[in-house]
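The structure under discussion appears below in the form of structure tokens.
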Amino acid sequence: MPMHVILGAQWGDEGKGRILDAIASEAAIVARYSGGDNAGHTVTADGKIFRLHLIPSGIVHPRPVCVLGSGMVINPQRLLAEMEQLRSQGVACDPERIKISPAAHLLTPMHIALDKAEEASRAKRIGTTGCGIGPAYAEKSYRRGIRAEAMAQPEECADKIKAHILRGNEMLEKLYGCPPLSADAIAAEFYRYAQILGPYVADTLWLVDEALRNGKTVLAEGAQGALLDLDQGTYPFVTSSSTGVAGALGGLGVGARSLGRIIGVVKAFQTRVGEGPFPTEETGDIGNRLRGDGSLPWDEFGTTTHRPRRCGWLDLVLLRYSTRLNGITEFVVTKLDILSGLNPIRVCNAYRGSGRDYRDLPMGASRLDGFEAVYEDLPGWEGDIRQARTRKELPGAARKYVEKIERETDVPVSLVSVGSNREEIIPWN
Ligand code: IMP
């Protein structure tokens, strides 16, 4: 069997976790390939809400082995807290179920301190999650990061951490004027983390390869979204990892010939957390209506930071762009129910700039300033659609909205979600 990839086709928070949950039960392996605990995946199952940041969503099912891939940066403290939380909800989190790539990088309190200091010193903020992601990937690129394999030897791991903190303190104090961190205390913490997490480090390259050779299903779980990709996203307002298909191959060590379905998860409207361009943003009533007031679990507030998300109309120009870059073979459309009651519903079908209209972004996503969104108005529908279980049970206008996405992007939709529960997902074909 090939490896199927599930990735966010927008700026993250498309609802990948629950879609993965919907198809993960058949998989032998569910593997996260990039990012760290900046991600927040919410899965609602059996009346329980599971909030995942590092562990792949497959953990909620009894079968799949969950891999934390080499493209990830892992904060051991957050990982252990997440395991504890899952255990308290009845989910087993032992080394048989969770495997950490030896080549994943460890994220430390120094990365977090540097992330916050750097963000505070920026004239133009990125609005990072403050989880230390940028500095952890920077150290990896500097080739002085500490990889998960170091946890096999807790004492050596602690020594490496100590040296890393002392070096980081130079920057913290001299460059940013911040107080230093305690190298001894953090080294001692990591000694303990290594003792606990060492047994979880496994040869994930081999595991994934073996599964693929034996015809088993591997699901590659993306984090964030295609437009936050370090290379192809709205740079510099991006995260520091490869969020798309390239990240899945590199971050799990799988060859392109193993690729199967490339599933782009698309929210029925557009959201973004943090700073950066957002051509279809609605800052008034429509934006507030799409966001919700925060009283419901699916309202548009960050799972990791609880920040209100910026909201706006669906942007088909950006969607065509992320589809093209990632070779998306199918879409899963989420949160269609949120559009109920809005009339008209707008979609951005082109950008206008320099006297012409663009349906795609041949120049990339980092230069969106100076474009004006060109909208098409589509008829809305009334009433609660969360009870619909088939395409036919949806109001005609809701069906047409999904069909419009298919037509304008030339990509078929396979599933549409109309609510946050497992059963509120409609097969589209
Ligand atoms: P960082 O990944 O914390 O460095 O943040 C960089 C940018 O990516 C910021 O705009 C964040 O808000 C955004 N970001 C990071 N993780 C997520 C996510 O899981 N969902 C949505 N936005 C994210």
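The values are calculated or read from the model by the stated rules, or taken from the named source; none is laboratory data. Here the structure is a predicted model, which means the values were calculated and not measured. Note: ideal-geometry Cβ built from the backbone for every residue, glycine included; neighbour counts use all protein chains shown. Accessible surface areas use protein heavy atoms only, side chains included; no ligands, DNA or RNA. Shrake-Rupley method; radii C 1.70, N 1.55, O 1.52, S 1.80 Å.
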Restricting attention to the range 291-335, report how many residues are at pLDDT below 95 and aliphatic (A, V, I, L, M). 1
If you check ALA136, ALA148, ALA152, which single one turns out to be surrounded by fewer than 23 Cβ atoms within 10 Å (Cβ to Cβ) and modelled with pLDDT of 95 or more? ALA152
What single numbered condition from (1) under 22 Å from THR128 (Cα atoms); (2) modelled with pLDDT under 95; (3) hydrophobic (A, V, I, L, M, F, W, C) fails to hold for LEU79? (2)
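I'd like to check which strands (runs of 3 or more DSSP E) are fully inside the range 295-362 and have at least 2 residues that are more than 16 Å from the ligand (Cβ to nearest atom) and not assigned by TED's automatic domain parsing to the domain that holds ALA373.
Numbers: elements: 310-312, 330-334, 345-353, 356-358.
In the range 295-362, there are no strands (runs of 3 or more DSSP E) which contain 2 or more residues that are more than 16 Å from the ligand (Cβ to nearest atom) and not assigned by TED's automatic domain parsing to the domain that holds ALA373.
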Hits in the range 258-299 (condition: of a type in the set (Asp, Glu) and under 21 Å from ILE425 (Cα atoms)): ASP299
Residues that are without any contact (Cβ under 8 Å) to a residue 24 or more places away in the chain and open to solvent by less than 20 Å² (accessible area, probe 1.4 Å), drawn from the range 98-133: ASP115
Out of the range 270-285, which residues are surrounded by fewer than 17 Cβ atoms within 10 Å (Cβ to Cβ) and either away from the ligand (no atom under 15 Å from the Cβ) or not in a loop (DSSP other than H, G, I, E, B) (or both)? THR283, GLY284, ASP285
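Return the residue satisfying two criteria in turn: it lies in the range 222-253 and is within 12 Å of the ligand (Cβ to nearest atom) and not in a loop (DSSP other than H, G, I, E, B), and of such residues it is farthest from the chain's Cα centre (by Cα).
To start, the set of residues in the range 222-253 that are within 12 Å of the ligand (Cβ to nearest atom) comprises 222-230, 233-241, 243.
Those left that are additionally not in a loop (DSSP other than H, G, I, E, B): 226-228.
Numbers: ALA226: 9, LEU227: 11, LEU228: 9 Å.
So the residue we want is LEU227.
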Tell me, please, whether a residue that is over 17 Å from ASP337 (Cβ atoms) and open to solvent by 60 Å² or more (accessible area, probe 1.4 Å) can be found in the range 386-406. no
